[in-house]
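A short worksheet on the structure shown next.
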Amino acid sequence: QVQLVESGGGLVQPGGSLRLSCAASGFTSSTYVMSWYRQAPGKERELVARITTTGSSTNYADSVKGRFTASRDNAKNTVYLQMNSLKPEDTAVYYCSARPATSTALRYWGKGTLVTVSS
């Protein structure tokens, strides 16, 4: 079965850091573009970061640019999101998503991990 499982969320103070992980199974992640999305309370889901199949290129939302870094380890079928200088506005459920590099018709989703930034 195709699965994406996020981990690493939790409670952190403003200015702190967290590293999220997404473990993929049931498919070869090296052929997939991987993305991180988030959904804050009362808001729509938004794209946070996208990383290409080899990790050679990344894209970030303006709101997180310079603070968040996406990376991947294809040998481990895992992608990461390093989050630094966290703000209360970053509080959200963070989701891992995957799609084939050659198609936009198929997308898989994880169930999410909650990040709460609060003092």
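One table, with the values for the structure above:
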| read-out | value |
| --- | --- |
| Residues located in region 33-76, provided they are outside any strand (DSSP E or B) and among the small types (Gly, Ala, Ser) | ALA40, GLY42, GLY55, SER56, SER57, ALA61, SER63, GLY66, ALA75 |
| Subset of region 77-108 [touching a helix residue (DSSP H, G or I) at 6+ places or on another chain (Cβ under 9 Å) and not in a loop (DSSP other than H, G, I, E, B)] | THR78, VAL79, MET83, ALA98, PRO100 |
| Count of residues meeting criterion [touching a helix residue (DSSP H, G or I) at 6+ places or on another chain (Cβ under 9 Å), within 20 Å of ALA75 (Cα to Cα) and open to solvent by 30 Å² or more (accessible area, probe 1.4 Å)] in region 1-30 | 3 |
| Output for region 59-77, where each listed residue is at pLDDT 95 or above and buried (at least 16 other Cβ atoms within 10 Å of the Cβ) | TYR60, VAL64, PHE68, THR69, ALA70, ARG72 |
| Count of region 34-58 residues which are surrounded by fewer than 20 Cβ atoms within 10 Å (Cβ to Cβ) and either hydroxyl-bearing (Ser, Thr, Tyr) or at pLDDT below 95 (or both) | 9 |
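The values are calculated or read from the model by the stated rules, or taken from the named source; none is laboratory data. Note that this is a predicted model, so its numbers are computed, not measured. When we count neighbours, we look across all protein chains shown, and the Cβ atoms used for this are built from the backbone with ideal geometry, even at glycine. When the accessible area is computed, the model is the full protein with side chains, heavy atoms only, and any ligands, DNA or RNA have been set aside. Shrake-Rupley method; radii C 1.70, N 1.55, O 1.52, S 1.80 Å.
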